[in-house]
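These notes concern the structure reproduced below.
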Amino acid sequence: MLTGADWWRKAVFYQVYPRSFYDSNGDGIGDLAGIIEKLDYLNDGTPGSLGIDAIWFSPFFKSPEYDFGYDVADYCEIDPRFGTLEDFDRLVAEAHRRGIRVILDLVVNHTSHEHPWFKESRSSRDNPKRDWYIWRDGVGPRRRPPNNWRNNFFGPAWTWDETTEQYYLHSFLPQQPDLNWFNPEVRRAIDQVIRFWLDRGADGFRLDVAHLYCKDEQLRSNPPFFRRDKVEQRMPFTDRTWMMNLFSLFSLPEFQVKKYNQHHPETHRVLKEFRKTLDEYPEKTSVGEILGEDPQVIASYYGSGNDELHMNFYFDLAHCRWKAGAFRRCVERWERLLPAEAWPAYTLSNHDIVRAISRLGGGKHGDERARLLAMLLLTLRGTPFIYYGEEIGMKEARLPRRLLQDPVGKKWYPFHRGRDGCRTPMQWSGGPGAGFTTGEPWLPVGPEVEKRNVAAQEKDPASLLNFYKKMTWLRKELPALLTGSYRSVTHGVPGDCYLFLRQSEEQKLLVALNFSSRRRELALPPQFLPARLLISTDQSRPAKTLHQSPALGPHEGCLLQIAGVEG
Ligand code: GLC
Ligand code: CA
């Protein structure tokens, strides 16, 4: 197991969506016992496994599942669909035995409306827990909502409650009422939740929508969309995928800048308190889901570098168009904006985003691109997060309306099919139910399962899965990849290639990625030669020493070690 206070900087993380990973009892829903059975796949200590060092689990706490676990009804109970607290203890023990750390999803901007706290809170205006949530009178004779805030899925952020004749605030579904983070009792209660799991062996948390915790206390209405601030560092329109641009266009009907209901200064104080608690325990970590247009604001959640979040997802990488320059600019922007002590966290997708291979697939080139992206993700300066199934090239599923489960898709179909398409069962084999379940899977199996499955790819030395394995294990042996500095190389590099250096005291590595579907000649500066080719995305290309600038094949990526700095 990686040890030391900064183990998480060297780790490869893997996101498990528990409903879809492995079903041990045939009810069609993945569960904790199932995950335990598959831990060896993730890391059995040998290069035959994926070499994962930590797992982030999407929530498996008690929940009525209006938003599939992101609506928690009891923070300290496992939902019976997934198992029991004993299963959890076993999961932690079995993961730790394999050197895998366990990261839980802390969903505390809101609870479920079925959480006992909310039930109490809504029972009467003078209930002691009334102030744990955000309640307000209606405005005017028609008792309109207190302000113009919209929730992040669809519709207003306020719902009228008949019992006590007031509105309550919800940043997502009406079944997800927002907690009042200005209330000190709420803070204490969540602190206890954090300690509960740390005491039980969890190694840290992913913080769901942490930028939303605190809102304007005066509840001022948001300004109209056209009044939005100029953001210098915003990702250019031309660098984003058409899908991302379309998505922003669709959220236009909301017609407002979320000025007063996100990124409140008090939230930073909350995160500093979290960090103090985490720091009381050895070797804990955190990663925030902070969303926003301005990377400067996102970077601010690192605090001074080590007093707020340990890591913070940088989603711009998941929004890039298939252009070498877009990816390079994206990484450079983040490198420039981060405080010196801060450590990046990169991901290509998660349970809310269209699967990377489908987003950037470009039809027949999809598989080559997936391989190039794997090399990028595993060589950047920062902690990589792999979304389950990405290592076998799982594609986004296009589901008919009647099979949709995600409330977002149900509401917006056919403009937006929601997030079910990226949450389909993990494809363990080409057999029925993709080897995920012996029963009827809760969502249908994704496309092309006959080749996009673990069993088939384990047998094929040139598969994407085997490339991932080679990369993760190689990475562990290369200090320049784990902790080295980052620098782009642009001199002598064709515009559709992306090259960067990773350098530590003992070694200097060059990553060269060809984003085009043509062969590209590189003209490397003489000090980069000779160089040793450590690995190529083209598995037929042998490791060897190069005395001349290499040419990169179509969509080829190479990891080279530059001589001279070897320790
Ligand atoms: C985060 C989660 C998403 C969820 C939302 C509300 O964005 O990743 O799945 O719907 O928060 O909790
Ligand atoms: Ca099950």
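The values are calculated or read from the model by the stated rules, or taken from the named source; none is laboratory data. Just so it is clear, the model here is predicted, and its values are computed rather than measured. With ideal geometry, Cβ positions are generated from the backbone for all residues, glycine too; neighbour counts draw on all protein chains shown. Each accessible area value is taken on the protein alone, full model and side chains, heavy atoms only, with ligands, DNA and RNA left out. Shrake-Rupley method; radii C 1.70, N 1.55, O 1.52, S 1.80 Å.
The magnitude of the dipole of segment 116-169, with charges of +1 and -1 set on the Cβ of Lys/Arg and Asp/Glu and taken from the Cα centre, is near 160 debye. What FRET efficiency, computed as 1/(1 + (r/R0)^6) with R0 = 51 Å and r the Cβ-Cβ distance, is obtained for ALA563 and ASP40, rounded to the nearest 0.05? Using R0 = 51 Å, I get an efficiency of 0.85. Give a quick list of GluC sites (Glu not before Pro) in segment 483-567 that DSSP marks as loop, anything other than H, G, I, E or B, with at most 13 other Cβ atoms within 10 Å. Those satisfying the criteria are GLU505, GLU506, GLU566.
Given a 1.4 Å probe and the protein chains as shown, GLU185 ends up with an accessible area of around 90 Å².
DSSP bridge analysis restricted to the chain gives an antiparallel fraction near 60%, rounded to the nearest 5.
The amide H of ALA345, built 1.01 Å from its N in the peptide plane, has ASN312, TYR314, THR383 as neighbours under 5 Å, considering only residues 5 or more places off or on other chains. Per residue, the accessible area of the chain comes to 39 Å², computed with a 1.4 Å probe over protein heavy atoms only. Each label was represented as a point 7 Å from its Cα along the Cα-to-Cβ direction; for GLN405 and GLN539 these points are 3.2 nm apart.
A 1.4 Å probe over all protein chains sorts LYS259, LYS38 by accessible area into LYS259, LYS38, starting with the largest.
Using the alpha carbons alone, the radius of gyration of segment 412-499 stands to its Kirkwood radius in an Rg to Rh ratio of 1.15. When peptides 313-322, 336-345 are ranked by their average number of other Cβ atoms within 10 Å per residue, the highest-first order is 313-322, 336-345. Solvent exposure of MET243, expressed as accessible area, is near 60 Å², computed with a probe of 1.4 Å over the protein chains only. When N counts the residues of the chain, how does its alpha-carbon radius of gyration compare numerically with 2.2 N^0.38 Å, as a ratio? Working it through for the chain, the quotient is 0.97.
Only sites in a loop by DSSP and with at most 13 other Cβ atoms within 10 Å count here; which chymotrypsin sites (Phe, Trp or Tyr not before Pro) in segment 237-296 make the cut? Listed in order of number, the matching sites are PHE255. If you plug the beta carbon distance of LEU246 and ARG336 into 1/(1 + (r/R0)^6) with R0 = 30 Å, you get a FRET efficiency near 0.60.
A full extension of the chain between TYR413 and ASP294 corresponds to an added length of 39.9 nm, given 0.36 nm per residue minus the alpha carbon distance. Modelled label positions at GLU120 and LYS10, each set 7 Å beyond Cα in the direction of Cβ, lie 4.5 nm from each other.
Modelled spin-label separation between LYS276 and ARG227, with each label point placed 7 Å from Cα along the Cα-to-Cβ direction: 3.6 nm. Taking 0.36 nm per residue of sequence separation and removing the Cα-Cα distance, the LYS459/GLN527 pair yields an extension gain of 20.5 nm.
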